[in-house]
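In what follows, a single structure is set out as structure tokens and then discussed.
The values are calculated or read from the model by the stated rules, or taken from the named source; none is laboratory data. These numbers come from a predicted model, not from an experiment. Don't worry about glycine lacking a Cβ; one is built from the backbone with ideal geometry, like all the others, and counts go over all protein chains shown.
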Amino acid sequence: MVQYLDLPLDLSFAALSDATRRGIIERLGRGAASITSLADQFQMTLTGMKKHIQVLERAGLVVTWKVGRVRTCTLGNRGLSAEAAWIETHRKLFEARFDALDDIISEMKQEGGDDSAR
């Protein structure tokens with residue numbers, strides 16, 4: 001089996017596959033937040049939140065910086081345009097296939113209607 005490797009997309013979709021990480025992205029869309037405040041907001045341990053943030057950082061979706069003892073997070077600059085483009089391309093492909101299937105089903109119904117009239 002051929003395996004496709006598109007590391008940025010793979011990392012993004014893996015990061016976004018988790019509801020908590022999607023929630024973090026949504027929260028950071030409203031402004032920067034410390035890892036501690038995010039952990040409190042999502043009712044999880046600091047260690048658990050750090051792991052989620054690391055996944056988001058690896059995907060380039062979140063950037064963090066440390067000032068003193070506080071690590072602050074914000075959305076990364078890269079956005080989700082590549083992911084949106086991939087989804088749109090595949091949405092069009094699925095729509096085309098479903099349209100073709102609809103055409104086949106319509107033809108079969110018409111042919112079935114002709115047979116029943118005989």
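Where in the range 1-94 are there helices (runs of 4 or more DSSP H), lying fully within it, with 1 or more residues that are in contact with a strand residue (DSSP E or B) (Cβ under 6 Å, 6 or more places away or on another chain)? Can you show your working first?
On the way: elements: 7-16, 19-28, 35-41, 46-58.
Fully inside the range 1-94 and qualifying: 19-28, 35-41, 46-58.
I'm trying to understand the selection: among the residues of the range 60-82, which are surrounded by 10 or more Cβ atoms within 10 Å (Cβ to Cβ), of a type outside the set (A, V, I, L, M) and either on the phi > 0 side of the Ramachandran plot or at pLDDT below 90 (or both)?
60, 78, 79
Could you list, in sequence order, the residues of the range 25-39 that are in contact (Cβ under 8 Å) with a residue 40 or more places away in the chain and surrounded by 16 or more Cβ atoms within 10 Å (Cβ to Cβ)?
Within the range 25-39, 25, 28, 33 qualify.
Quick grid of which residues meet (1) among the small types (Gly, Ala, Ser); (2) within 19 Å of residue 8 (Cα to Cα); (3) in contact with a Lys or Arg (Cβ under 8 Å, 6 or more places away or on another chain):
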{"site": "37", "(1), (2), (3)": "yes, no, no"}
{"site": "41", "(1), (2), (3)": "no, no, yes"}
{"site": "80", "(1), (2), (3)": "no, yes, no"}
{"site": "84", "(1), (2), (3)": "yes, yes, no"}
{"site": "101", "(1), (2), (3)": "no, no, no"}
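Please count how many residues of the range 1-60 are of a type in the set (D, E, K, R) and either in contact with a His (Cβ under 8 Å, 6 or more places away or on another chain) or more than 21 Å from residue 71 (Cβ to Cβ) (or both).
4
I'd like the full set of residues that are touching a residue at least 24 places away in the same chain (Cβ under 8 Å) and of a type outside the set (A, V, I, L, M, F, W, C), limited to the range 40-77.
52, 58, 60, 64, 71, 72, 74
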